[in-house]
Structures are given as structure tokens and as C-alpha cells.
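Okay, structure first, notes after.
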Protein chains: 2
Amino acid sequence: MAKGPFSLAAADVERLIRLLAKLPGLGPRSARRVALHLIQQKETVMRPLAEALADAAEAVGVCSRCGNIDTADPCEICADPRRDPASICVVEQVGDLWALERASAFRGRYHVLGGVLSALDGVTPEDLNIETLIPRAAEADVTEIILATNATVDGQTTAHYLTERLEGCGVTITRLARGVPVGGELDYLDDGTLITAFASRKGV
Amino acid sequence: MAKGPFSLAAADVERLIRLLAKLPGLGPRSARRVALHLIQQKETVMRPLAEALADAAEAVGVCSRCGNIDTADPCEICADPRRDPASICVVEQVGDLWALERASAFRGRYHVLGGVLSALDGVTPEDLNIETLIPRAAEADVTEIILATNATVDGQTTAHYLTERLEGCGVTITRLARGVPVGGELDYLDDGTLITAFASRKGV
């Protein structure tokens, strides 16, 4: 009986652990823990999760307009008439969209790039959801494009590229403010944030 | 649109995140990350996981003899004739059994208690898989019971209780050695381990 890192008596359990271990944030050890938890609570946790996964796999798709994930296409946000049609917020990932929605930070519509330009990872503009952004920005209603890519090197490179691409669309291009995060203590912040916060200081 | 901590546009995604967030080691944030990962890799990750969960929920059960988890009852270990019938290793959880199996530390059979005695959590002997251990220990083949409960207060209380219960079964009762773990540096070990390692020192 040759035993690999996941090898146990039951092949079904092995397969489950191997699949769980591939999820982000889980490794072999935590996958085993999750698998045991699932098996020991078969009716209350395991079967509902299996059903939820199958249902979501069936129902959920990508919005052809903005790249959001939803059961409808166009997605609920794109279809909502109460959303301000004048501004589009460009984010890297659906997770960023969710974060802004949780914060109720924005009442316009979104555009999800699906990643960032990265020379290291070989991500080129063709790999991202950029070509569909240009005609959206050129629509009559749209007056502002907010570039909400992450404040990382790749995020900023992507924002810079988008700024160039969006020139001539006749829209205002903005980006999120930089500074001390709410609740942040100066002593714990990095030099880059402190320098930016100083340079962008405002009158009170 | 009232938004809770998991609330997103699609109810199917919400339900998936809520279930994932209940798994050990996952919280709302990591559950969202896992859900996005699953949705974005629907065919390669999400559907296989849904199937693996449904299959395992169908096939896997608890061994009526030792408490191990397997698709067969008695489990593969209990049924394996190459396993030494003379010794039974008592562990708290199936995860402990897996750890000993991975290490190939033991070639006998197991008995899984399904927990430890705990006054704080209100776990009594009736809640554990103890009543089935006594007749197993009294079987003619069995000569040694190894108490491999954790080296915690509750684990030791349980081991002590089992020692009393097993008196009169005519078996040798042993427990795992205590000392400096392999690869351990003295500087980083707790006082309890150091004191035990000193008290249990051996001639070279």
C-alpha cells in the first residue's frame, strides 16, 4: 500500500481532499481538516455544500457587459435603472467589485478587467476585458471612468495603460485617493503611503 | 437591497459563500475568495468538487468496529489481515489516525474515540466511543492498548479514565513517549516538555 501525502483508505475521501487542497488558502493539512468536518456532518454540511456547488455551477455566469458574476446577463447591477449610468468604475477582479458594493462606496456601474497587466506573468492587454471597455466609455451617457485598480505596481501600470487607451473618449478619468487609511496609525504605515499622504494633504 | 456580510447580487453565490464560511479555517473573506475561484474555474474545479462531495457523502461511513471513516464497514484497516491483531491504538479523532498512518508509525489496529472528555464542553464518557472499546480490549488476540490521546489536559484526563476502565481486561496499557520532538530546538520548547524530557532521559 504505497501512500502519498493525501493517501488514505477510501479513494472517495482521497479525491475530495485532493480537490479541496487546490482551493486558495487551503493546503493538504487544512484540506484534511475540512474533509473530516464535512464527512462528520454529512447531512447538515456536506450534502448542502455539494448541492450549492452544483446549483451555482449551473446558474452562475459572467455578465457580457461588465464582467461581473451573476445568474442573469446583463447582471443585476448593469440592469438596475437606479444605478447612475454616468460613471463606470474599473476594477481588477469581481472580489474588488464585491468589496466596493459591501461598502456601498459607489452607485454607478462597474467594469471588471479580470486581472492586471503583468510583464512577469505574461498578461497582455488582450488577456484582459479591455476591448469592451472602450465602446462603453464612448457611450453618450458616460461622463466619468474611475480607475479603481489596486495600488500595486501592476495595478498602476494597468491604470496608466487604460488612461492612454481612453484618451479621446471624451470622459473624465479619475482614480481613487491615496493616503492614510481610516483607522490607520502613522507608526505602522509604509514610507510610500506617508509620502503620498503628505504630498496630497488638504486644507481643513 | 439590504446587504448582509455575504450579500451579493446572486442568491446562489450567496448561499455557496455562506456554506463555505462555516468550514473550519475559513471565514467570510476566505469563503468569498474560494467561491470566486470556484466560479471562475467552473468546469475544472467547481463541478469536480461538487461531484466529489456528493460521491463521498454517498459512499463514506463510519466503521462500526473502530470508528474510522471508510467506504467499507468494517474499514480497510480493521479488515486487513496483515495488521497486527495484538495491539489497538486509541486516538481522539480520525485525523489522528490519518497522521499515524501517514507516518507509518503503527501496524496494529485503531480505536477512534470521537473526542475527549471535557468538563468545560460537557463531554462525558457516554458521548465518546468508549463502550465498544472495552469488549475489543477483552478479545483473546489483544495484548496491548496504546493510549495515543493528545498530550493536552483533556487528552490526559481521557487517557487516565480509559486506564481505569481497562483495568481487569488483562492487557498491557501504554502511552506515547514524551520528550523533545525530532528536529526540535531546546530554546523554543515549553517548560513542560523540557521538564518531561529531563525526567524521562535515557542512557546512550
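Bear in mind these aren't lab numbers, they're just calculated from the coordinates by the rules spelled out. This structure is a prediction, so every number in the text was calculated from the model and none was measured. Virtual Cβ from ideal backbone geometry, glycine too; neighbours counted across all protein chains shown.
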Taking every DSSP bridge whose two residues both lie in the protein assembly as shown, the antiparallel percent to the nearest 5 is 20 percent
log10 I(q)/I(0) for region B:5-59, Debye formula on C-alpha points only (no solvent), q = 0.13, 0.16 Å⁻¹, two decimals, reads -0.33, -0.50
Taking a ≥ b ≥ c as the square roots of the eigenvalues of the Cα gyration tensor, with a/c under 1.5 meaning rounded and otherwise prolate when a/b exceeds b/c and oblate if not, region A:105-204 is oblate
Rounded to the nearest 10 degrees, the helix A:28-40 long axis (Cα) sits at an angle to the longest Cα principal axis of chain A of 60 degrees
Summing -39500 (n - 2.57) over every DSSP H run of at least 4 residues in the protein assembly as shown and dividing by its residue count gives a helix-only mean residue ellipticity at 222 nm, to the nearest 500 deg cm²/dmol, of -11000 deg cm²/dmol
Once the dipole of the protein assembly as shown is set up from charges on Cβ (+1 Lys and Arg, -1 Asp and Glu), the residue from the list A:Val34, B:Leu113, B:Thr158 lying farthest towards its positive end is B:Thr158
Among the Cα-Cα pairs of region B:99-144, the proportion with separation greater than 17 Å, in percent, is 50 percent
Number of Lys pairs in the protein assembly as shown closer than 23 Å at Cα, excluding neighbours under 8 places apart unless interchain, is 7
If every Lys and Arg gets +1 and every Asp and Glu gets -1 at its Cβ, then about the Cα centre chain A yields a dipole, in debye to the nearest 20, of 740 debye
Expressed as a whole number, the average count of other chain Cβ atoms within 10 Å around the Cβ atoms of A:31-42 is 5
Kirkwood-based Rg/Rh on the Cα set of chain B evaluates to 1.07
at B:Ala59 the sorted inter-copy label distances (label 7 Å from Cα on Cβ side), in nanometres, are 2.9
Against the 2.2 N^0.38 Å rule of thumb, the C-alpha Rg of the protein assembly as shown sits at a ratio of 1.31
One residue of chain B has its C-beta nearest the axis rotating B onto A; that residue and its distance in whole Å are B:Ala50, 3
Per the rule of 0.36 nm per residue minus the C-alpha distance, extending A:Phe198 to A:Arg102 adds in nm 31.7 nm
The long-range amide H neighbours of A:Ile69, using H built 1.01 Å from N in the peptide plane and a cut-off of under 5 Å, are A:Cys63
Pseudo-spin-label distance A:Glu43 to B:Glu139, built 7 Å along Cα→Cβ, given in nm, is 2.9 nm
Over all directions, region B:1-118 yields a Cα convex hull whose mean projected area in nm² is 10.6 nm²
Two pseudo-spin positions, 7 Å from Cα along C-beta at B:Asp190 and at A:Leu186, lie apart in nanometres by 4.2 nm
Note, region A:138-150: 3J(HN,Hα) by Karplus (6.51, -1.76, 1.60, θ = phi - 60°), whole Hz, Gly/Pro = x, goes 7, 5, 4, 5, 7, 10, 9, 10, 9, 8, 10, 5, 5
So, in nm and shortest first, the distances from A:Ala199 to its counterparts in the other copies, with label points 7 Å along Cα→Cβ, work out as 6.3
Protection proxy (average C-beta count within 10 Å per residue), highest first, orders A:177-187, B:27-37, A:115-125 as B:27-37, A:115-125, A:177-187
With +1 on the Cβ of every Lys and Arg and -1 on the Cβ of every Asp and Glu, the dipole magnitude of region B:42-105 about its Cα centre, in debye rounded to the nearest 20, is 100 debye
Chain A: relative contact order from alpha carbon pairs under 8 Å, six or more residues apart, as a whole percent, is 12 percent
